[in-house]
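The values are calculated or read from the model by the stated rules, or taken from the named source; none is laboratory data. Just so it is clear, the model here is predicted, and its values are computed rather than measured. Because the Cβ atoms are built from the backbone with ideal geometry, glycine has one as well, and the counts that use them run over all protein chains shown. All accessible areas refer to the heavy atoms of the entire protein, side chains included, with ligands and DNA or RNA removed. Shrake-Rupley method; radii C 1.70, N 1.55, O 1.52, S 1.80 Å.
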Amino acid sequence: MANSLDKFLSSSLSDLKSKGLLNSIDTLQKPNGPIIEVNGKDLINLASNNYLGFADKAELIAACVDATEKWGVGAGAVRPINGTLSIHDQLEKKIAEFKGTEDALAYQSGFNANMGSISAVMDKNDAILSDELNHASIIDGCRLSGAKIIRVKHRDMADLEQKASEAVASGLYNKIMYISDGVFSMDGDVQDLPSVVKIAEKYDLITYIDDAHGSGVMGKGKGTVKSFGLQDKIDFQMGTLSKAVGVVGGYVAGKKQLIDWLKARSRPFLFSTSLTPGSAAAVIEALDEIMNHPEYVEQLWDNAAYFKKKLSGLGFNIGKSETPISPVIIGDENKTQQFSQLLLEKGVYAKPIVYPTVPLGTGRIRNMPIRTHTKEMLDKAIDIYAEVGKELNYL
Ligand SMILES: *Cc1c(COP(=O)(O)O)cnc(C)c1O
């Protein structure tokens, strides 16, 4: 007999299915590179976050293999027991060097970094001013803290200032934090950090920037905060090691005192086993490569500029991206799905993004040209875009 779980699952799954919200997940038969293989077919890959092509880069693989042979496959314990290996210390020194901060703390993922660090500092007597388009892991981290969450209109500095001044004047809160993505992943727009810092100084706001899509991309790879020279003004420089860095993990970089506190109070650090030695070593190699090879980041931006110019040259609406994220805005949700399906049939893998991830009527294909795409691959993708655009009467 079906128990309550079975009943819940079967009715919920069929509900999602009937609304077209049950995504099927494609499995790759080769590494996640510029070309991927899905269902036996090679496709030009415009869907990854592997900005610099590091996910299967030979030097990172070698570093991972070497460290695995030296240290084993696992850390053996959570960090505060005895799962801190010297490779973890080296990793955190390297992250701090990369970000220009006194210290840094590595987590198992970017999601964990947000869950663990916001709630280590903020509690129910505090308030968090949060940009309305912030990533899910920021939202969950804020909720977990128990602080009052005050939504701020996207990149609206007048709204931020008004809500900051109201929160201060209310006298209800011990501490107030402002939290935002550095780069927003759906539109590729960038937060106005110089204005944020001015407002934060005026109202004594704690500042927290999630630079998952900025690190390895903005500011010659050093991230959005550093691109504005604000590394001494932003309290939390949070990021992921899984996008441009190409591996897995997350971090917070900041003052030594902040990191000391996170080591004492951040629950994923205290109660979940740390990164594997192989991952830590691959990340160290990746950060060295970003710092020592500025041409990698330049090649990424070159590819992105080339691709965007051709797309807009064809007449597509590519939005207002200031980063390599290259959306093609189609509008209608069903047409957007149809567009992506036709791209796939013709050899381009690019994901449709529709409501509720983006506002209704702004359905788009999100394209991510990466460093390791050749001009030929990008040209081929553009030709396919032109064909599909004509077929669906967009061009
Ligand atoms: C991807 C992403 C994360 C999560 O990072 P993971 O390392 O994949 O867990 C957090 N914040 C933002 C803004 C992201 O885009």
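At a glance:
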{"quantity": "Among 57-64, 69-76, 172-179, the order from most to least packed when residues are scored by Cβ within 10 Å on average", "calculated": "172-179, 57-64, 69-76"}
{"quantity": "Rg(Cα)/(2.2 N^0.38 Å) for region 1-136, N = residue count", "calculated": "1.50"}
{"quantity": "The chain - accessible surface per residue (Å², probe 1.4 Å)", "calculated": "46"}
{"quantity": "Cα shape, region 58-292, gyration tensor, a/c 1.5 rule", "calculated": "prolate"}
{"quantity": "Amide H contacts of Val152 (H built 1.01 Å from N, under 5 Å, at least 5 apart or other chain)", "calculated": "Ser130, Asp131, Glu132"}
{"quantity": "Dipole-positive endmost among Ser145, Leu91, Thr68 within region 58-292 (Cβ charges, Cα centre)", "calculated": "Ser145"}
{"quantity": "Region 334-377: C-alpha gyration tensor shape, a/c 1.5 cut-off, then a/b vs b/c", "calculated": "oblate"}
{"quantity": "Separation in nanometres of the label points that stand 7 Å from Cα toward Cβ, at Ile35 and Asp6", "calculated": "4.8"}
{"quantity": "Residue-level accessible surface for Lys94, protein heavy atoms, 1.4 Å, Å²", "calculated": "40"}
{"quantity": "Cβ-based charge dipole, the chain, positive-most Cα from Pro277, His373, Ala169", "calculated": "Ala169"}
{"quantity": "Ellipticity estimate at 222 nm from DSSP helix runs (n ≥ 4, -39,500 (n - 2.57)) divided over the chain, nearest 500", "calculated": "-14000 deg cm²/dmol"}
{"quantity": "Residue pairs, from the table Lys153/Lys351; Lys163/Lys202; Lys202/Lys233; Lys99/Lys243; Lys94/Lys255; Lys220/Lys380, whose Cα atoms sit over 18 Å apart", "calculated": "Lys153/Lys351; Lys220/Lys380"}
{"quantity": "Cβ charges +1 (Lys, Arg) and -1 (Asp, Glu), total dipole of the chain, debye", "calculated": "500"}
{"quantity": "Inter-probe distance in nm under a simple model that places probes 7 Å from Cα toward Cβ, at Ser195 and Ile139", "calculated": "2.3"}
{"quantity": "Area of Ile35 that stays accessible when all protein chains are in place (1.4 Å probe, Å², to 10)", "calculated": "60"}
{"quantity": "Portion, in percent, of the accessible area of the chain that falls on carbon or sulfur, probe 1.4 Å", "calculated": "53"}
{"quantity": "Average projection area in nm² (convex hull over Cα atoms of the chain, one quarter of hull surface)", "calculated": "21.9"}
{"quantity": "Antiparallel DSSP beta bridges within the chain, as percent of all bridges there, nearest 5", "calculated": "55"}
{"quantity": "Additional length obtainable on full extension of the chain from Asp288 to Asp156, 0.36 nm per residue less Cα span", "calculated": "43.9 nm"}
{"quantity": "Separation of alpha-carbon centers, region 96-134 and region 282-336, rounded to whole Å", "calculated": "26"}
{"quantity": "Highest average packing first - 145-158, 4-17, Cβ atoms within 10 Å", "calculated": "145-158, 4-17"}
{"quantity": "In nm, spacing of pseudo-spin labels at Asp66 and Leu360 (7 Å Cα→C-beta vector)", "calculated": "5.6"}
{"quantity": "Cα-based shape type of region 161-310, given that a ≥ b ≥ c are square roots of the gyration tensor eigenvalues and the cut on a/c is 1.5", "calculated": "oblate"}
{"quantity": "Largest-first principal axis extents of the Cα set of region 314-389 (Å)", "calculated": "34, 28, 20"}
